[in-house]
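Colleague: Okay, handing you the structure first.
The values are calculated or read from the model by the stated rules, or taken from the named source; none is laboratory data. The structure presented is a predicted model; accordingly, all values stated were derived computationally and were not measured. When we count neighbours, we look across all protein chains shown, and the Cβ atoms used for this are built from the backbone with ideal geometry, even at glycine. For accessibility, only protein heavy atoms count, side chains too; no ligands or nucleic acids. Shrake-Rupley method; radii C 1.70, N 1.55, O 1.52, S 1.80 Å.
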Amino acid sequence: MELLLTSLSALARIDVAIALLIGSIGGVVIGAIPGVGPAIAIAILLPATFAMEPIVGLTLLLGVYGSSMYGGAIPAILVNTPGTAVNALTTYDGFPMTKRGEATRALSLAFGASFCGAIISIIALICLSPVLAAVAPMFGSREIFLAALLGMVLVVVTHRGQALAAGALLCLGIFINTIGLESIRYTQRFTFEQAWLASGIDLIVVVLGLFALSQAFLLLVGEDEDNKPPAIVGRLFDGFKEVLRMPKIVLPSASFGVVMGMIPGVGEFLAQFFSYSLARKTSGNGEKFGKGAPEGLVASEAANNAVPAAAMIPLLALGIPGEALTAMMLSVFYVHNVIPGPQLFANEFDFILSLYLALIALNVLAFAFLLGATRWLTHVVRIPNRFLGMVILVLSFVGVYSLRNSIIDCAIAAAFGMFGLMLKCLKLPIVPIILGMVLGGIMEVKFRTSMARVETAWDFIERPVAQVIFGLIIIVLGAHIFSLLRTKPSKGTAK
């Protein structure tokens, strides 16, 4: 009870409350604008959060992360254009409902399912927190190294059809992280006697280039679209009541979101895929899915909104980000010398509980905001793409320059922006580069720390937790190889 009161008092601070309000409402608006999304917004906001206290900065970023998916459903349902990438599955049943004249019902179902999925996820995590606090001290350097390696493996194998490209881009991220002075003996690596490379390539510069600047370039070279959303008539709260009458859809979908969010490298897409597939099999209206089935819309939105809270688990407990957005948040911890990992759960559980309560508060604020402001928010989908591109371009360069007051950083960000634009045009994934930089740094540090106690290869996996993680790596690789071998004969017979 004392921990709960301490955490609530932290949220009651005026600076935290303002960050929570701006993050939750701003996240909804950002999600509702096609072409922006939370990754770009967080990348732009990240330099500003370094000057804030950890609880303030993380509350702001969590607000954008957690509430953007609410807003992303608006253009997905009204104009068949997902506001964020994870709302793509929402278009399958949301837009057909709009064409039937049920736009208000589709939006209210999406908001209600998102809210239920998020709250179920946070409640599950709060209940699991004592278990996590007990398990976290069992992770030493070797276990964290293997967990980071598992995250890398999952990043590669979950990019089905692009595993080779994802692996190559992951290795590129690892290589980029090695440039500059290494932290143990301070020897220069891959600097080629260039003084501007001695300090390395900053993660935030790469993030802003790959996500924000690449999207700005893409919007600037594209053409403006004239999206005309239909009018919203009726009560938006009715969908929440309808969602509560679908526990067989909501609970499994939220559970998939929790489980998939906790696994590094998996995230919203697999959670949505599994929840949507299960809902189609169990709803009794499987033939209507993809044609405007309310159950499909609910399954998709409940699953993707259950992921953000769960994605914080590997970040907080092990210091391992599950995807690009939590990788960005990790830098906020490091700037303030708050190191995620086993000791954080053991020594600063009130801080973690504050983050969970902030997640609940931001979902309540986002849901309440949508009930009153959706009719106004429908107009943001009409903002011209080129105007958005110019705004993102300016804000990105301001953010990059503010890091170290360096024009060279701006040039590096522009180069990564062009590289990111090429990857987007080729439809290749960008996230593996960022995770390669973050996980590669973690693995190097933990490997060097572990080698002081390791004499043989077996010593690396002699402890039970290490054996479990190593076993999972073998299982994931084995399953991936088996699936590749099984699909080859079917392709041959189809010819």
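Colleague: How many of the residues in region 28-82 are more than 29 Å from residue 100 (Cα to Cα) and among the small types (Gly, Ala, Ser)?
Modeller: Matching residues across region 28-82 total 8.
Colleague: Scan region 292-318 residue by residue and report those that are among the small types (Gly, Ala, Ser), surrounded by 24 or more Cβ atoms within 10 Å (Cβ to Cβ) and in contact with an Asp or Glu (Cβ under 8 Å, 6 or more places away or on another chain).
Modeller: Those that are among the small types (Gly, Ala, Ser), surrounded by 24 or more Cβ atoms within 10 Å (Cβ to Cβ) and in contact with an Asp or Glu (Cβ under 8 Å, 6 or more places away or on another chain): 296, 300, 303, 311.
Colleague: Taking the options 148, 166, name whichever one is open to solvent by less than 20 Å² (accessible area, probe 1.4 Å) and at pLDDT below 85. Show your work before the answer.
Modeller: Details: 166 fails: at pLDDT below 85.
Just a single option satisfies the conditions, and that option is 148.
Colleague: Could you say whether any residue in region 483-493 is out of contact with any strand residue (DSSP E or B) (no Cβ under 9 Å at 6 or more places or on another chain), surrounded by 14 or more Cβ atoms within 10 Å (Cβ to Cβ) and more than 19 Å from residue 44 (Cβ to Cβ)?
Modeller: Initially, region 483-493 is screened for residues out of contact with any strand residue (DSSP E or B) (no Cβ under 9 Å at 6 or more places or on another chain), giving 483-493.
Filter again for surrounded by 14 or more Cβ atoms within 10 Å (Cβ to Cβ), leaving none.
No.
Colleague: Now a separate question. Output the number of the condition that residue 127 fails; it satisfies all remaining conditions of (1) under 30 Å from residue 300 (Cβ atoms); (2) open to solvent by less than 30 Å² (accessible area, probe 1.4 Å); (3) of a type outside the set (Ser, Thr, Tyr); (4) more than 20 Å from the chain's Cα centre (by Cα).
Modeller: For residue 127, the exception is condition (2).
Colleague: Something else now. Condition first: in contact with a Ser or Thr (Cβ under 9 Å, 6 or more places away or on another chain), assigned to a loop (DSSP other than H, G, I, E, B) and in contact (Cβ under 8 Å) with a residue 24 or more places away in the chain. Now tell me which residues in region 79-116 satisfy that.
Modeller: 79, 81, 82, 83, 84, 89
Colleague: Please work out which residue is surrounded by the most Cβ atoms within 10 Å (Cβ to Cβ), limiting yourself to region 402-414 and to residues that are touching a helix residue (DSSP H, G or I) at 6+ places or on another chain (Cβ under 7 Å) and within 19 Å of residue 45 (Cβ to Cβ). Explain how you work it out, then say what you get.
Modeller: Of region 402-414, the ones touching a helix residue (DSSP H, G or I) at 6+ places or on another chain (Cβ under 7 Å) are 402-403, 408-410, 412-414.
Keeping just the survivors that are within 19 Å of residue 45 (Cβ to Cβ) gives 402-403, 409-410, 413.
Numbers: 402: 14, 403: 17, 409: 24, 410: 20, 413: 27.
This residue is 413.
Colleague: Going through 51, 76 one at a time, which residue ends up being free of Cβ contacts under 8 Å to residues at least 40 places away in the same chain and under 20 Å from residue 335 (Cβ atoms)? Explain how you work it out, then say what you get.
Modeller: Values: 76 fails: under 20 Å from residue 335 (Cβ atoms).
Of the residues listed, the single one that is free of Cβ contacts under 8 Å to residues at least 40 places away in the same chain and under 20 Å from residue 335 (Cβ atoms) is 51.
Colleague: Which ones in region 186-205 are in contact with a helix residue (DSSP H, G or I) (Cβ under 7 Å, 6 or more places away or on another chain), crowded, with 16+ Cβ neighbours inside 10 Å and within 18 Å of residue 405 (Cβ to Cβ)?
Modeller: The first filter runs over region 186-205 and keeps only residues in contact with a helix residue (DSSP H, G or I) (Cβ under 7 Å, 6 or more places away or on another chain), leaving 189-191, 196, 201-205.
Of the ones still in play, those that are also crowded, with 16+ Cβ neighbours inside 10 Å are 191, 201-205.
Those that are in contact with a helix residue (DSSP H, G or I) (Cβ under 7 Å, 6 or more places away or on another chain), crowded, with 16+ Cβ neighbours inside 10 Å and within 18 Å of residue 405 (Cβ to Cβ): 201, 202, 203, 204, 205.
Colleague: For region 379-495, list the helices (runs of 4 or more DSSP H) that sit wholly inside it and hold at least 2 residues that are within 26 Å of residue 151 (Cα to Cα) and among the polar types (S, T, N, Q); which are they? Break it down stepwise before answering.
Modeller: Details: elements: 385-404, 407-425, 431-450, 464-494.
Helices (runs of 4 or more DSSP H) meeting the threshold: 431-450, 464-494.
Colleague: Right, next: Within the bounds of region 27-35, is there any residue that is within 18 Å of the chain's Cα centre (by Cα) and either more than 19 Å from residue 374 (Cβ to Cβ) or basic (Lys, Arg) (or both)? Let's see the steps before the verdict.
Modeller: Taking region 27-35 and keeping what is within 18 Å of the chain's Cα centre (by Cα), we get 27-35.
Pick out the ones that are also either more than 19 Å from residue 374 (Cβ to Cβ) or basic (Lys, Arg) (or both) and you get 35.
The answer is yes; a qualifying residue exists.
Colleague: When you scan region 40-82, how many residues do you find that are open to solvent by 20 Å² or more (accessible area, probe 1.4 Å), over 25 Å from residue 372 (Cβ atoms) and hydrophobic (A, V, I, L, M, F, W, C)?
Modeller: 5
Colleague: Also: What pairs come up if the first residue lies in region 20-48 and is free of Cβ contacts under 8 Å to residues at least 40 places away in the same chain, the second is assigned to a helix (DSSP H, G or I) and open to solvent by 10 Å² or more (accessible area, probe 1.4 Å), and their beta carbons are under 6 Å apart, counting only those six or more places apart or on different chains?
Modeller: Note: pairs meeting the criteria are 41/30.
Colleague: A further question follows. Would region 374-390 turn up any residue that is loosely packed, with under 15 Cβ neighbours inside 10 Å and either touching a Phe, Trp or Tyr at 6+ places or on another chain (Cβ under 6 Å) or among the aromatic types (Phe, Trp, Tyr) (or both)?
Modeller: Checked against the condition, which is being loosely packed, with under 15 Cβ neighbours inside 10 Å and either touching a Phe, Trp or Tyr at 6+ places or on another chain (Cβ under 6 Å) or among the aromatic types (Phe, Trp, Tyr) (or both), region 374-390 yields at least one hit.
Colleague: Considering each residue of region 123-169, count those that are farther than 27 Å from residue 442 by Cα and touching a helix residue (DSSP H, G or I) at 6+ places or on another chain (Cβ under 6 Å), and give that number. Walk me through how you get there before you give the answer.
Modeller: As a first pass, look at region 123-169 and keep what is farther than 27 Å from residue 442 by Cα: 123-124, 127, 161.
Now narrow it down to the ones that are touching a helix residue (DSSP H, G or I) at 6+ places or on another chain (Cβ under 6 Å): 124.
Total meeting the criteria: 1.
Colleague: Just the residues that are closer than 16 Å to residue 41 by Cβ and among the polar types (S, T, N, Q), please, taken from region 356-401.
Modeller: Hit for region 356-401 is 396, nothing else.
Colleague: Something else: Does at least one position in region 23-40 carry a residue that is modelled with pLDDT of 85 or more, over 29 Å from residue 406 (Cβ atoms), in a helix (DSSP H, G or I) and not hydrophobic (A, V, I, L, M, F, W, C)?
Modeller: Step one: filter region 23-40 for residues modelled with pLDDT of 85 or more, giving 23-30.
Okay, now just the ones that are also over 29 Å from residue 406 (Cβ atoms), so 24-25, 27-29.
Narrowing the set further to residues that are in a helix (DSSP H, G or I) leaves 24-25, 27-29.
Still in the list and also not hydrophobic (A, V, I, L, M, F, W, C): 24, 27.
Yes: region 23-40 contains one or more residues that are modelled with pLDDT of 85 or more, over 29 Å from residue 406 (Cβ atoms), in a helix (DSSP H, G or I) and not hydrophobic (A, V, I, L, M, F, W, C).
Colleague: Could you tell me which of the residues 142, 160 is touching a Ser or Thr at 6+ places or on another chain (Cβ under 9 Å), modelled with pLDDT under 80 and of a type outside the set (A, V, I, L, M, F, W, C)? Spell out how you get there, then give the answer.
Modeller: On the way: 142 fails: modelled with pLDDT under 80.
Only one candidate qualifies: 160.
Colleague: Starting from region 272-294, take each residue that is touching a residue at least 24 places away in the same chain (Cβ under 8 Å) and list its partners that are assigned to a helix (DSSP H, G or I) and open to solvent by 50 Å² or more (accessible area, probe 1.4 Å), counting only C-beta distances under 6 angstrom and pairs at least six apart or across chains.
Modeller: Matching pairs, first to second residue: 274/256; 275/256; 289/280; 290/92.
Colleague: Those residues that are closer than 27 Å to residue 358 by Cβ and not hydrophobic (A, V, I, L, M, F, W, C), I need them from region 120-171; list them, please.
Modeller: 121, 129, 130, 137, 151
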